[in-house]
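Okay, structure first, notes after.
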There are 2 protein chains.
Amino acid sequence: MRPRVGHIQFINCFPLFYGLIEKKFLLDIDLIKGNPTDLNRMLAQGELDLAPISSIAYAQNYDQYLLMPDISISADDEVKSIYLFSKYPIEELDQKNIALANISATSQLLLKIIMQNYYRIAPRYFASAPELRAMLMEADAALLIGDDALRAKYRHDQSLYVYDLGHLWKKYSGLPMVFAVWAIRKDFARRYPEQLQVIRKTFVDSIQLSLEQVEAVAAKAAQWEDFTTQYLIEYFRVLRFDFDEAQQQGLLEYYRQAYRLGAIAEVPELVFMDKE
Amino acid sequence: MRPRVGHIQFINCFPLFYGLIEKKFLLDIDLIKGNPTDLNRMLAQGELDLAPISSIAYAQNYDQYLLMPDISISADDEVKSIYLFSKYPIEELDQKNIALANISATSQLLLKIIMQNYYRIAPRYFASAPELRAMLMEADAALLIGDDALRAKYRHDQSLYVYDLGHLWKKYSGLPMVFAVWAIRKDFARRYPEQLQVIRKTFVDSIQLSLEQVEAVAAKAAQWEDFTTQYLIEYFRVLRFDFDEAQQQGLLEYYRQAYRLGAIAEVPELVFMDKE
C-alpha cells in the first residue's frame, strides 16, 4: 500500500504540493486531502501515516507521533495570515468581546497567550465562523487565520486596527512561532523506515525547489486564488518552512505558556524521526 | 476555483493518473478520489465538474451530462477484469445461484443480458461483497469486477470455469463493450468551455503518453499492487481507452438490451462536448 499522506489545501501548504507535483511524487504516495480537523482525527486513528497537523494537535497526541525534521510552517516575525482585526487599539481590548475563527486552536491560543502574558488583559472570547463582517457585528475584534485572513487583509476596511500575531509573538517572546508540523505515526516509522526516508528527502527537496522558484509557485497559486502573484510571493517569503533550533525553542516556549494557561495537559517533548 | 475532477483508484484508471502526473496537471485541477458510487452521487449533485462514471450511471443522468470524446474504459474482446467464476459450465447455470459483486451495476447487468439474451437461461442472482471464497460458499458462480477480479483470476482455483465478460459480449454481439465514460456536467461545460478544452486535450495526451510508456506505467503500478509488471502490461494492452464509432455502437447496443430487460428507463443519446 502506498504511504497515506495528509494534505491541507491552504495556500501555505501549496509550496510543498507544488514541489511534490514537480517531482512526480504523487505516484509514490497516496495524498489525501482534508481540513485540519479531519486530518488530526485521521492521523490519530491510523487512517493516515503522516500528515501536517497544528502545533496544538501534536501536543495532544505526541506519544503516538514522531516529528519530521527540517519541515514546519513557521514565521520568525510577521506571518501575514493570522490577523487580529480590531475596532480599538489592542491594549484597549480588556473585557471587550473578541470573535475567534473556529478553525485553529493553535492560533486562538496564541492570541490568548499574548493577551494574558504580554498585554495582561482579559478580553472575552467566543468562537465564530470565519467571516469578518459578521464577526465584527457581534464583537470588537476578530481573529482570522489562513486563507480567510489573507483575503480579509487583502481588502480590509482601513478604519480597523490590524495586528499580525506572528509579529506580536516575535516582539514579546523574541522567538519564532511554529504553527504546524508534520507528524508521522510511530507504527509507520517502525515498519517502513526506508519509505519514510524517501518521503522525508522528497519533502525537503520539494520545499527547496519551491523556494528557489517562488515566483512560478506564486503565479500558479494566484491563477486559482483571489490574490496577485506579487502578494503571494511576499507571503511565501515571510513564511518559514524549515524547523531549526530557534523554531524548536519557539515551539517549546509556546507550549510552556499554553500549559500555564491550562490549555494543554503537559509540555510535549519534540521527538524527531531518525535521519538515516 | 480549480475544476473538480473525480478519480477512481482502480488499476484501469491508473494510466490516466500516471499521465496527469507526468504532465504535472494536478496543479490545474482539483483531483478528488472516490469510489464509483460516491463519484456518481457527487457528479449528479454538482460537487464535481467531471468524473469517470459507469455506463449505467450515464444512462441514469445523461440529461445533465456531456460525454468527453476520445476517452472511455472499454474492451474489444477480453477485458481481463470482469470474470464469472463458476463451478459449472456457463450454459448449465439455469436456475442456479450467482453471487454478484455489489460494486458495479454495469457489469451485473452485462451478465444478466448475456445470460438472458444469448444463453437463454435464467439463473438466480443475489448481491454479495466481492470475496470469491465466501461467494462460492453460497452460490454456484460468482461475478467479480475490477481489482478484485484481477486478484481472484491471478490466483484462482484451477477447478473453476472462468469466463471473461468482455469476451462473451464480443463473441455474441460482435461489438466492443464500454464500461465507463467521462461525463461532464453541462453547467460546467457552458461556463468554462476553454478550461474544458484544456482538460480534454490533457486527458487524451495523458492516455497517449501512458500507452506509449506502458512498461513504465505497469512497473509503477506493480510497485504497490499484488500483480507483476508483465501481468499489468497485458491488462493495459487489452483495455481500450479511446471511444471510437464501434465503441459507441457497442455502448448503444448494450443500452438497448438493458432497456429491453427493464434495467434502464430509456436508451440515452450519446451527446459529446464540442471539440474546440
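Of everything listed in (1) open to solvent by 20 Å² or more (accessible area, probe 1.4 Å); (2) modelled with pLDDT of 95 or more, the single unmet condition for B:PHE85 is (1). Scanning region B:1-13 for residues that are under 24 Å from B:ASP187 (Cβ atoms) and facing another protein chain (nearest Cβ under 9 Å) yields a count of 2. Only one of the numbered conditions (1) assigned by TED's automatic domain parsing to the domain that holds B:LEU66; (2) in contact with a helix residue (DSSP H, G or I) (Cβ under 6 Å, 6 or more places away or on another chain) is violated by B:ARG240, and that is (2).
The set of residues from region B:62-117 being in contact with a Ser or Thr (Cβ under 7 Å, 6 or more places away or on another chain) and closer than 17 Å to B:TRP169 by Cα comprises B:ILE82, B:SER104, B:ALA105, B:THR106. Exactly one residue among A:ASP205, A:ASP226 is open to solvent by 30 Å² or more (accessible area, probe 1.4 Å), within 28 Å of A:ALA99 (Cβ to Cβ), in contact (Cβ under 8 Å) with a residue 24 or more places away in the chain and not basic (Lys, Arg), and that residue is A:ASP226. Applying the criterion of at least 1 residues that are farther than 26 Å from B:GLU245 by Cα to the strands (runs of 3 or more DSSP E) found wholly in region B:50-107 leaves B:82-86, B:97-101.
Mind listing just one residue for me: the one in region A:46-69 that is over 22 Å from A:VAL267 (Cα atoms) and of a type outside the set (A, V, I, L, M) and, of those, surrounded by the fewest Cβ atoms within 10 Å (Cβ to Cβ)?
Restricting to residues being over 22 Å from A:VAL267 (Cα atoms) and of a type outside the set (A, V, I, L, M), the top hit is A:GLY46.
Hey, any hits in region B:51-66 for a residue that's touching a strand residue (DSSP E or B) at 6+ places or on another chain (Cβ under 9 Å), within 14 Å of another protein chain (Cβ to nearest Cβ) and at pLDDT 95 or above? Looking through region B:51-66, none of the residues is touching a strand residue (DSSP E or B) at 6+ places or on another chain (Cβ under 9 Å), within 14 Å of another protein chain (Cβ to nearest Cβ) and at pLDDT 95 or above. Just for region A:124-160: of the residues that are surrounded by fewer than 18 Cβ atoms within 10 Å (Cβ to Cβ) and in a strand (DSSP E or B), which one is nearest to the chain's Cα centre (by Cα)? If we take residues in region A:124-160 being surrounded by fewer than 18 Cβ atoms within 10 Å (Cβ to Cβ) and in a strand (DSSP E or B), then A:ALA127 is nearest to the chain's Cα centre (by Cα).
In region B:105-123, of all residues being hydroxyl-bearing (Ser, Thr, Tyr) and open to solvent by less than 30 Å² (accessible area, probe 1.4 Å), the one that is farthest from B:TYR58 (Cα to Cα) corresponds to B:SER107. For region A:203-246, which residues satisfy the criterion of being within 14 Å of chain B (Cβ to nearest Cβ) and touching a Gly at 6+ places or on another chain (Cβ under 8 Å)? Within region A:203-246, A:SER206, A:LEU209, A:SER210 qualify. The condition (being part of a helix (DSSP H, G or I), modelled with pLDDT under 95, open to solvent by less than 40 Å² (accessible area, probe 1.4 Å) and within 14 Å of chain A (Cβ to nearest Cβ)) is satisfied by just one residue among B:LEU20, B:LEU26, B:LEU16: B:LEU26. When A:ASN102 is tested against the conditions (1) crowded, with 22+ Cβ neighbours inside 10 Å; (2) modelled with pLDDT under 95, the lone failure is (1). Scoring B:VAL178 on the criteria (1) open to solvent by 50 Å² or more (accessible area, probe 1.4 Å); (2) in a strand (DSSP E or B) leaves a single failure, condition (1).
The values are calculated or read from the model by the stated rules, or taken from the named source; none is laboratory data. No experiment lies behind these values; they were computed from the predicted model shown. Glycine gets a Cβ as well: all are built from the backbone with ideal geometry, and neighbour counts include every protein chain shown. What goes into the accessible areas is simple: the full protein's heavy atoms, side chains included, and nothing from ligands, DNA or RNA. Shrake-Rupley method; radii C 1.70, N 1.55, O 1.52, S 1.80 Å.
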